[in-house]
Amino acid sequence: MKITEPTDQGRREFIGKAAGAAAVVVAPGVFLHAVAESAPRAEPVTSKVRWGMLIDTAKCADGCTACVQACDRENGLDLQKRPEGASESAWDGQRSKWIRKVKVRDNLTGRLTGMPVMCQHCELPPCVDVCPTGASFRRVDGIVMVDRHICIGCRYCMMACPYKCRSFIHEAVEEKLTLAPRGKGCVESCNFCVHRLDNGGTTTACQDACAKDGHAAIVFGDLKDPNSAVSKALAQVASTQIRPELKLNTGVRYHGL
């Protein structure tokens, strides 16, 4: 019997139809949830842009987790399921988190400050330096990412990150989004909603959620564009990095810390 190989056009049509489906079965028990189609990036990533963020801790509401929940939904983190027999506290410490709400105390005044902490997108990322396979990398536009295809799960990057902002996938994942096809044994972290940026977007899920709740504590944009909202905000207020003594030139800055 003669078997005809599908043409490139046929492959493209199949992929297009699969991407438009609500969910795609890629293996028994594994579902990829598709997201709405949008125009892909036409131009290559450029160093003329550096994406960054300013977080105003004075506007960050105590007890609010809107940014965390939005990040979870956007990146499919809410699809993770607690392993059978695992306690709630153990699972909370193990499951992947891209944003954490934390409180820091000033040793001199005792003042508590609440704020979200995510990958700081360093100009000189220690996670990239220690990665033995090149899975951890920094794009020329400043976004630090993990290539899941070549991540071997050694977790050197997790140990090297001074902000403890990387997560390891301990369990098999049955449901996932097409934009975040995570699997057991890989490391991951915040990527500034890169799927949005590469398809013409200009905001992150956490920024949108914070604004929707009326806090507007997060401003995101191009740090190299003096007319961007984030550049204008940085010009108007004092800001700092977490652990500035490390001189990593982070892409995330904080006001009121």
Quiz item: Filtering region 202-219 down to residues that are over 18 Å from Asp72 (Cα atoms) and touching a residue at least 24 places away in the same chain (Cβ under 8 Å), which residue is nearest to the chain's Cα centre (by Cα)?
Solution: Val219
Quiz item: When you go through Tyr163, Tyr156 one by one, which is the residue that is aromatic (Phe, Trp, Tyr), in contact with a Cys (Cβ under 8 Å, 6 or more places away or on another chain) and open to solvent by 60 Å² or more (accessible area, probe 1.4 Å)?
Solution: Tyr156
Exercise. Would you mind stating whether Val128 is in a helix (DSSP H, G or I) and open to solvent by 40 Å² or more (accessible area, probe 1.4 Å)?
Key: yes
Exercise. Please enumerate the residues belonging to region 100-124 that are surrounded by fewer than 22 Cβ atoms within 10 Å (Cβ to Cβ), touching a residue at least 60 places away in the same chain (Cβ under 8 Å) and part of a loop (DSSP other than H, G, I, E, B).
Key: Glu123, Leu124
Quiz item: Do any residues in region 236-252 that are over 17 Å from Met115 (Cα atoms) and open to solvent by 30 Å² or more (accessible area, probe 1.4 Å) have Cβ atoms under 8 Å from those of residues that are hydrophobic (A, V, I, L, M, F, W, C) and part of a loop (DSSP other than H, G, I, E, B), where the two are at least six apart or on different chains, and which pairs are they?
Solution: Lys247/Leu124; Asn249/Cys122; Asn249/Leu124
Practice problem: Quick one: count up the residues across region 224-235 that are over 16 Å from Met118 (Cβ atoms), open to solvent by less than 70 Å² (accessible area, probe 1.4 Å) and either in a helix (DSSP H, G or I) or not polar (S, T, N, Q) (or both). | Solution: 5
Quiz item: Assuming Ala172 fulfils every condition listed in (1) open to solvent by 60 Å² or more (accessible area, probe 1.4 Å); (2) closer than 21 Å to Glu74 by Cβ apart from one, which condition is it?
Solution: (2)
Quiz item: Do we have any residue at all in region 134-149 that's within 24 Å of Arg73 (Cβ to Cβ), among the aliphatic types (A, V, I, L, M) and open to solvent by 20 Å² or more (accessible area, probe 1.4 Å)?
Solution: yes
Practice problem: Scan region 179-202 residue by residue and report those that are at pLDDT 95 or above, open to solvent by 40 Å² or more (accessible area, probe 1.4 Å) and in a loop (DSSP other than H, G, I, E, B). | Solution: Thr202
Quiz item: Under the condition of being of a type in the set (D, E, K, R) and closer than 17 Å to Lys101 by Cα, which residue from region 203-222 is most open to solvent (accessible area, probe 1.4 Å)?
Solution: Asp213
Self-check item: Filtered residues of region 140-149 (kept if farther than 20 Å from Leu54 by Cβ, modelled with pLDDT of 95 or more and part of a loop (DSSP other than H, G, I, E, B))
Solution: Val140, Asp147
Quiz prompt | Cβ pairs under 8 Å, 6+ apart, first in region 159-170 and touching a residue at least 40 places away in the same chain (Cβ under 8 Å) and over 12 Å from His121 (Cα atoms), second surrounded by 20 or more Cβ atoms within 10 Å (Cβ to Cβ) and of a type in the set (Phe, Trp, Tyr) | solution = Ser167/Trp98
Exercise. Kindly establish whether Cys71 is closer than 17 Å to Phe220 by Cβ, among the hydrophobic types (A, V, I, L, M, F, W, C) and either over 22 Å from the mean Cα position of the chain (by Cα) or surrounded by 13 or more Cβ atoms within 10 Å (Cβ to Cβ) (or both).
Key: yes
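The values are calculated or read from the model by the stated rules, or taken from the named source; none is laboratory data. Note that this is a predicted model, so its numbers are computed, not measured. When we count neighbours, we look across all protein chains shown, and the Cβ atoms used for this are built from the backbone with ideal geometry, even at glycine. The area values use the complete protein model at the heavy-atom level, side chains included, leaving out ligands, DNA and RNA. Shrake-Rupley method; radii C 1.70, N 1.55, O 1.52, S 1.80 Å.
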